[in-house]
Amino acid sequence: MTAELKAVDAGPDTESGPQSAPVTLWLCPNDGLDPETARLLAGHWLDAKEQRTANKFLFEHDRLQYLVAHTLVRRALSLEAGHAESELVIWRSARGRPFLRPATDRLSQDDGVLDFNLSHAGGYNLLGIVRQARIGVDVERVDDRDQQAVATILNAVSAPERAWAEEPGPGRERDRRALRIWTLKEAYSKARGLGLGIPFDSFEFTLDDERGVLAFTPPADDEARPWRFVELEPVPGVLVAVAVPAGEGATAVHLNLGFPWSRSAPRQFALPPPVGGPVPVGRAA
């Protein structure tokens, strides 16, 4: 298991500042907000489209999950952007990826444009926020996938990834490895804004139990830039993956647990080294 997966605190981030804001993560369980409060906040914060979407759910537990996730988004973005939750304007791309429309020139010019991504599974909601870059996140619960689902995952990834996942034989460790691959692939494809529109066997991760992502082979249309990938296990059996392009942006990850009522002290981690991208001159591909 990697140091990131063990979620060992990396100490205060001394490099982050106005020019290098951290990747901010919020992991909130569905019961992190009681139903009455979730409905109350949603009534004040969510826009008309979000309200209509919430009302389409047939089952109350699905509706509540949606309300918790989307009030989480608006509250966390409000803390980052400095605007009231109900004033934030959230649009969607042609592929359905949500993004925040800067509400003022001050936000876009001084604070840097915010990008965010949301994932939910196994009773948990994961939100990632970054400035001046794109971000993709995914959360999975190891015990939340049956054997048929794990087999489907293994059939969707590359042959080397499948071989690595199946190395321990049937059991929880194989399932964990399969879900590590899946969360990383989901995070990357969501950061690209492509979702399931990109074949999951067209790009490949080389993973290690202790050192995390050792290498990344991108799809043919993304060979010009490297990426940073983070793996965490904030709660036993709950796997988190984050993908951000490498560059002049964030150098650290700030992990927050629960609903963002305030700016409580987060757990801090250094971003891993970049992987993927062009092969340096003089080195064989």
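The values are calculated or read from the model by the stated rules, or taken from the named source; none is laboratory data. No experiment lies behind these values; they were computed from the predicted model shown. As a convention, Cβ positions derive from the backbone with ideal geometry for all residues, glycine included, and neighbour counts pool all protein chains shown. Accessible surface is based on the protein model in full, side chains and every heavy atom, while ligands, DNA and RNA are left aside. Shrake-Rupley method; radii C 1.70, N 1.55, O 1.52, S 1.80 Å.
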Does any residue of segment 78-90 turn out to be over 28 Å from Val230 (Cβ atoms), at pLDDT below 95 and among the charged types (D, E, K, R)?
-> yes
When segment 196-240 is checked residue by residue, the ones that are crowded, with 18+ Cβ neighbours inside 10 Å and β-branched (Val, Ile, Thr) are Val213, Val230, Val238, Val240
Which residue pairs have Cβ atoms closer than 6 Å, lie 6 or more positions apart in sequence or on different chains, and pair a first residue in segment 138-160 that is closer than 11 Å to Ala178 by Cα and in contact (Cβ under 8 Å) with a residue 60 or more places away in the chain with a second residue that is open to solvent by less than 90 Å² (accessible area, probe 1.4 Å) and of a type in the set (Lys, Arg)?
-> Val142/Arg176
Considering residues of segment 65-94 that are touching a Phe, Trp or Tyr at 6+ places or on another chain (Cβ under 9 Å) and among the aliphatic types (A, V, I, L, M) only, the residue nearest to Glu36 (Cα to Cα) = Val68
Among the numbered conditions (1) farther than 21 Å from Phe269 by Cα; (2) touching a residue at least 40 places away in the same chain (Cβ under 8 Å); (3) basic (Lys, Arg), tell me where Arg180 comes up short.
-> (1)
Which residues, counting only those in segment 245-259, are open to solvent by 10 Å² or more (accessible area, probe 1.4 Å), over 14 Å from Leu126 (Cα atoms) and of a type outside the set (S, T, N, Q)?
-> Pro245, Ala246, Gly247, Glu248, Gly249, Ala250
Leading residue by the ranking (least open to solvent (accessible area, probe 1.4 Å)) among those in segment 74-93 that are closer than 24 Å to Asn256 by Cβ and of a type in the set (D, E, K, R) | Arg74
Those residues of segment 260-281 that are in contact with a Gly (Cβ under 9 Å, 6 or more places away or on another chain), open to solvent by 30 Å² or more (accessible area, probe 1.4 Å) and assigned to a loop (DSSP other than H, G, I, E, B) come to a total of 2
Filter pass, Arg180 being buried (at least 19 other Cβ atoms within 10 Å of the Cβ) and either on the phi < 0 side of the Ramachandran plot or of a type in the set (Asp, Glu) (or both) = yes
Mind listing whichever residues of segment 74-89 are in contact with a Pro (Cβ under 7 Å, 6 or more places away or on another chain) and in a loop (DSSP other than H, G, I, E, B)?
-> none
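Every residue, every condition in (1) touching a His at 6+ places or on another chain (Cβ under 8 Å); (2) exposed (fewer than 13 other Cβ atoms within 10 Å of the Cβ); (3) not in a loop (DSSP other than H, G, I, E, B), yes or no:
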site	(1), (2), (3)
Arg52	no, yes, yes
Phe57	no, no, no
Leu67	no, no, yes
Leu72	no, no, yes
